[in-house]
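The structure appears below as C-alpha cells.
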Amino acid sequence: MDRQVCVAEAKISGLHYINGVRVDSSEAFEVFSPIDGQILGEVALGTHADVGAAVAAAADAFASWAALGAHGRLPYLERFADEILARTDALAAAESADAGVLLSRLRHGLVPRAALNVRWFAQAALTLQDRVIETKQARHLVRHDPAGVCAIITPWNSPLMLSTWKAGPALAAGNTVVIKPPEWAPLSCSLLADAAHAAALPPGVFNIVQGTGAVTGAALVSDPRLSRISFTGSVPTARSVATAAAANLVPCSLELGGKSPFIVLEDADLDAAAATGALMYRNATQVCLAGTRFLVHASVREAFIDRMRAIVDKLTIGDPRDEATEVGPIIHPRQLEKVAGYVDRAKSAGARVLWGGGRHAYGDLYYQPTMLTDVAPDAEIVQEEVFGPVLVLQTFADDAEAIRLANDTDYGLGGVCYGEEAHATRIAEAVRTGFIWINSFGIRDLEAPFGGRGQSGVGREGGEWSFDFFSDVKDVVIPKQPFTASFSHR
C-alpha cells in the first residue's frame, strides 16, 4: 500500500525507509494534528521484522561507509544538508501540523539548524584522526574509529532537529543509523528520509522505522547488532532503554527531562529577566531545557511578577501556523490531561495561581500559560517535570538559599540566572546542572557540550563529545626507543 499523508503542499510517505527504499508494514497507526484534531493520515507501524531488516541493512552498509573516511563521506553529507534546506517549507509544515510547533520557528530556526547539524559535524569530522600525544616513552596516535550501527530515538517536541543532532555526528564519524521517530510526530522524519535519498546516501546508511515505543522502540534497543543507542525522552523510558542495552553491553547516551531553575537575583535587570521568563512558554513549554522553577529574590518579587504578568497577558495563543502566534497547543490529549492534573492537584494542595491555571478557549488541546506560587519545596509541582505551560515561583532571601533551592531536585539539565554578571556567574558555578545561561536563554553552539546530570541524563552531546560517543577511540602506541621484551619488573 502506498500510504501518503498530505500537509499543505507537502506529500509525505507513511512508509518506513529501509535500505534505500520505502517499506510498508502489515499494521499502521493514525497521525493527527494537535492544532485542530484533524486526522492527517496513517503511517506504517514497525514490527520486529521491520526493525530487524533496518538493522541488517545498516550492518551490511557499515563497512563500505566507514571505509570512505571523513573526506569521502563529506560530499554525501553536504548534499544531505542541502536537501534538508531545499525542503524547508515542507519540513516546517509537517512538523507544525503533527507536533504543533510554531511554523515561523521551524522555518527560520529549527530547519536551518537541522541542516547545520549535518553540515557542521561532517566538516568537524575531518579533524578527528591521528591526534598526537607525545610522551617520554612513546608517540600516541589517538584515532576515532567508526563504532557500527547506531539506534537513534527522538521525542515528539522537536523530532527533526534532534534526529539530525544525533544522526549528524553518527554519520560523520562513519556509522550507519536506524532512527525511530516519535509516534505522535513522525512526519518530518519521513521527509528527512527523502532528503537522504535525494542526497544519494548509499542504501542502508540511513534508515527510518516508524512505530510505538512499546513495540518498535523495544525491538530496536534490544537488537544485539547495535553498537550505540542515543535516546532523548522521558526518565521511565530511558530506564527501559538502558536495561535493554545493558543485556548486550551497548553504550547509551540518554538526554532526559529537566526541572531547571530560573534565578532572578536582587541586582537583575527585571525587564530583561521578565521578557526571557515569558519565553519559557514557547512551544507550550514542551521543551526539556526550559527554566520552569522561578527562584526570585524576595526584594524584587512583586516587581518581577508585575513585569512578567504584563508580558504574558499579551502573548498570542492560537494556531502555530499563524505568524502572529506565540504559544501553540499541547501535543496530545494524554499530555494535556497530565498537565491539567498537575495544576489541579497543586491548587488542591494550596498553590496560588498568579495567572492562567486552566484550559484555554482557543481549542481542545490548548492550555493557558500558567504561574503558580505558594508551593512547598517538596511539592509535586515543584519536583516533577510537567512538560506543559506551567511554571512555579518561589522566593529566596540570600545567595545560599537560592543555591539550595536550585539544587533541590533530582534533575540537573539546564538553568538561567539573571543578575549582575559576576554575581550571577558565582551562583551559576554552584548550581548542579549540565549547563546554565547567564542573562540569556537558548544559546546553543555545536562545538559546546550539551547534557545533564542526575535524572536529566547520561553523557554529553555536541562537538568532540558527540564524536567520543559515536566512535571507538583507539590509541596507536609507537615507542620512541627500541622495545625489549622482559619479565623484569625493574
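The values are calculated or read from the model by the stated rules, or taken from the named source; none is laboratory data. These numbers were taken from a predicted model, which means no experiment stands behind them. Ligands, DNA and RNA are stripped out before the accessible areas are found, and what is left, the full protein with its side chains, is counted by its heavy atoms. Shrake-Rupley method; radii C 1.70, N 1.55, O 1.52, S 1.80 Å.
Observations
- Cα gyration tensor category, rounded, prolate or oblate, for region 1-113 with a/c compared to 1.5: oblate
- Pairs from the table (K259/K474; K11/K180; K180/K259) lying more than 31 angstrom apart at Cα are K259/K474.
- Computed accessible area, L354, all protein chains, 1.4 angstrom probe, square angstrom: 20 Å²
- Degrees between helix 88-99 axis and first principal axis of the chain (Cα, 0 to 90, nearest 10): 60 degrees
- For region 308-357, a/c is not less than 1.5, where a ≥ b ≥ c are the root eigenvalues of the C-alpha gyration tensor, and a/b does not top b/c. That puts it in the oblate class.
- Over the chain, dividing the summed -39,500 (n - 2.57) contributions of all DSSP H runs of at least 4 residues by the number of residues returns a 222 nm mean residue ellipticity of -11000 deg cm²/dmol.
- For the pair region 296-311 and region 29-65, the centres of their Cα atoms are 47 angstrom apart.
- Mean sequence separation of contacting Cα pairs (under 8 Å, at least six apart), scaled by the length of the chain, corresponds to a relative contact order of 17 percent.
- Using a probe of 1.4 Å, the accessible surface attributed to T292 totals some 20 Å² when neighbouring protein chains are kept in position.
- Relative to the dominant Cα principal axis of the chain, helix 301-312 is inclined by about 70°.
- Listed candidates (i) 83, 58, 46; (ii) 74, 60, 40; (iii) 72, 69, 37 - label of the one calculated as Cα extents along the principal axes in Å: (iii)
- Rolling a 1.4 Å probe over the heavy atoms of the protein chains gives the chain an accessible area of 40 Å² per residue.
- C288 accessible area, 1.4 Å probe, all protein chains in place, Å² to nearest 10: 20 Å²
- Rounded if a/c under 1.5, otherwise prolate or oblate - region 81-133, Cα gyration tensor axes: prolate
- With Cα atoms, 0 to 90° folded angle of helix 333-348 axis to the chain main axis: 40 degrees
- C-alpha center-to-center spacing [region 333-391, region 13-28] in angstrom: 39 Å
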